[in-house]
Amino acid sequence: MERIQKLISRAGAASRREAEKLILAGRVTLNGRVVSELGVQADDNDEILIDGVAINRKQPRLYFLLNKPKGYLSTVRDDRGRRTVIELLPEVNEYIYPIGRLDYDTEGLLLLTNDGELMNGLLHPRYEVNKTYLAKVKGTVMGEVLQKLRTGIMLEDGITAPAEVRFLEYNEKGNWSRIQITIHEGRNRQVRRMFSAVGHDVLALKRTAFAGLTLVGVSRGKYRELTGDEVAGLRHIAGGPGKNNE
Ligand code: URA
């Protein structure tokens, strides 16, 4: 037996959080009765409907690796009509959503899937999934600042976990530096906030790697599907099947 929101997200009909909202809005039925609380459990033989439509538990799993350009939101829809990353993918019948987020002005590697379980695993802090960014920042970044970034920066939501940091280049004329940073946390605007906190505002930010996957072969605005081996690798990183239940 599993919670209904989990069965819905695993079926790819909505993310777990969205499924919770659907339940609270009274739009979900279990074996013909409206469920409006979050604790209710069911199993694979139960009939679950959203707005009267059965969730499809046998739909194919889809996994895309997108090279997101700047100027796109990492959401499925936007009330204000801004462009979203979904517009860069082929039209599919399944409900695809991004695994985590990149800021509107950040470019680079974003995974999208209808596999809610894998998404939850990859985003769970327990698995410390690595994300590598290339940051172009204002000014010359000195050794002691790099060291601070490595050990931890005090932000308003607490100190950051140790990061891997590499100084790549400095441009004297333009007065900027390029730094590679790998973190495993996923706080909102984390890399931008870390650099701002040490006095080097970010001028441009690109995610070059996520969970061992890179952008190699995928140009800006393009995508590719993941291979079976890559999906298996991600599952392994995310704790394997069934290990990331809560
Ligand atoms: N850190 C940021 O500041 N922005 C992103 O988009 C991702 C990580």
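The values are calculated or read from the model by the stated rules, or taken from the named source; none is laboratory data. Keep in mind that this is a model prediction, so the values were computed, not measured. Cβ sites come from the backbone with ideal geometry, for glycine too, and all protein chains shown count toward neighbours. We work out accessible area using only protein heavy atoms, side chains counted, and drop any ligands, DNA or RNA first. Shrake-Rupley method; radii C 1.70, N 1.55, O 1.52, S 1.80 Å.
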Ordering Met142, Met154, Met119 from largest to smallest accessible area (1.4 angstrom probe), what's the sequence?
Met154, Met142, Met119
Based on Cβ point charges of +1 for Lys and Arg and -1 for Asp and Glu, what charge dipole magnitude is obtained for segment 43-145 about its Cα centre, in debye rounded to the nearest 20?
660 debye
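Nearest 20 debye, what's the magnitude of the dipole of segment 2-54 about its Cα centre given +1 on Lys and Arg Cβ and -1 on Asp and Glu Cβ?
Numbers: 8 positive and 9 negative charges, 48 e Å.
Once rounded to the nearest 20, the dipole reads 240 debye.
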Solvent-accessible area of Val191 with every protein chain in place, 1.4 Å probe, in Å² to the nearest 10:
10 Å²
From the phi of every residue in segment 117-127, what ³J(HN,Hα) in whole Hz does the Karplus formula 6.51 cos²θ - 1.76 cosθ + 1.60 yield, where θ is phi - 60° and glycine or proline is x?
5, 5, 4, 4, x, 5, 8, 6, x, 4, 8
For segment 160-175, in residue order, the Karplus 3J(HN,Hα) values (coefficients 6.51, -1.76, 1.60; θ = phi - 60°; whole Hz; Gly and Pro = x) are 7, 6, x, 10, 8, 10, 10, 7, 9, 7, 10, 10, 5, 5, x, 6
Between Leu155 and residues 5 or more places away or on another chain, the pairs with built amide H atoms under 5 Å apart involve Thr160
Report the accessible area of Phe167, computed with a 1.4 Å probe over the heavy atoms of all protein chains in place, in Å² rounded to the nearest 10.
80 Å²
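Quote the Stokes-Einstein diffusion coefficient, in whole µm² s⁻¹, for segment 1-92, based on the Kirkwood radius over alpha carbon pairs, a temperature of 4 °C and a viscosity of 1.567 mPa s.
88 µm²/s
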Net charge, Thr132 excluded, C-beta distance under 12 Å - Lys, Arg +1, Asp, Glu -1
+3
Using only the Cα atoms of the chain, what are the Rg and Dmax in Å?
20.1, 69
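Using a probe of 1.4 angstrom, how much of the accessible area of segment 2-54 is carbon and sulfur, in percent? Before the final figure, lay out the partial values.
On the way: 1270 of 2850 Å².
The C+S portion of the solvent-accessible surface of segment 2-54 is 44 percent.
Need one number: the % of Cα-Cα pairs in segment 66-126 sitting beyond the 18 Å mark.
34 percent
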Apply the Karplus parameterisation 6.51 cos²θ - 1.76 cosθ + 1.60, with θ equal to phi minus 60°, to every residue of segment 59-65 and state each ³J(HN,Hα) to the nearest whole Hz, in sequence, with x for glycine and proline.
5, x, 8, 10, 9, 10, 10
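Probe radius 1.4 Å, ligands and nucleic acids ignored: give me the carbon and sulfur share of the accessible area of segment 130-210 as a rounded percent.
Numbers: 1990 of 4190 Å².
In segment 130-210, the share of accessible area belonging to carbon and sulfur is 48 percent.
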Hey, got the dipole for segment 56-112? About the Cα centre, +1 on K and R Cβ, -1 on D and E Cβ, debye to the nearest 20?
220 debye
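All other residues with a Cβ under 15 Å from the Cβ of Glu172 taken together, and with Lys, Arg as +1 and Asp, Glu as -1, what is their net charge?
That works out to +3.
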State in Å² the accessible area per residue of the chain; use a 1.4 Å probe, count heavy atoms of protein chains only, and round to the nearest integer.
53 Å²
I need the Debye-formula profile for segment 120-246: one equal scatterer per C-alpha, no solvent, reported as log10 I(q)/I(0) at q = 0.11, 0.15, 0.20 1/Å, two decimals.
-0.45, -0.78, -1.15
Does segment 2-54 come out rounded, prolate or oblate, given a ≥ b ≥ c as the square roots of the eigenvalues of its C-alpha gyration tensor, rounded meaning a/c under 1.5 and, failing that, prolate meaning a/b above b/c?
rounded
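If you add up the charges near Glu20, with Lys and Arg at +1 and Asp and Glu at -1, over every other residue whose beta carbon is less than 13 angstrom from its beta carbon, what do you get?
+4
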Of the options Gly152, Trp176, Leu22, report the single residue whose Cα projects farthest towards the positive end of the charge dipole of the chain (beta-carbon charges: Lys, Arg +1; Asp, Glu -1).
Trp176
Which FRET efficiency, nearest 0.05, do His184 and Leu49 yield, Cβ-Cβ r, R0 25 Å?
0.05
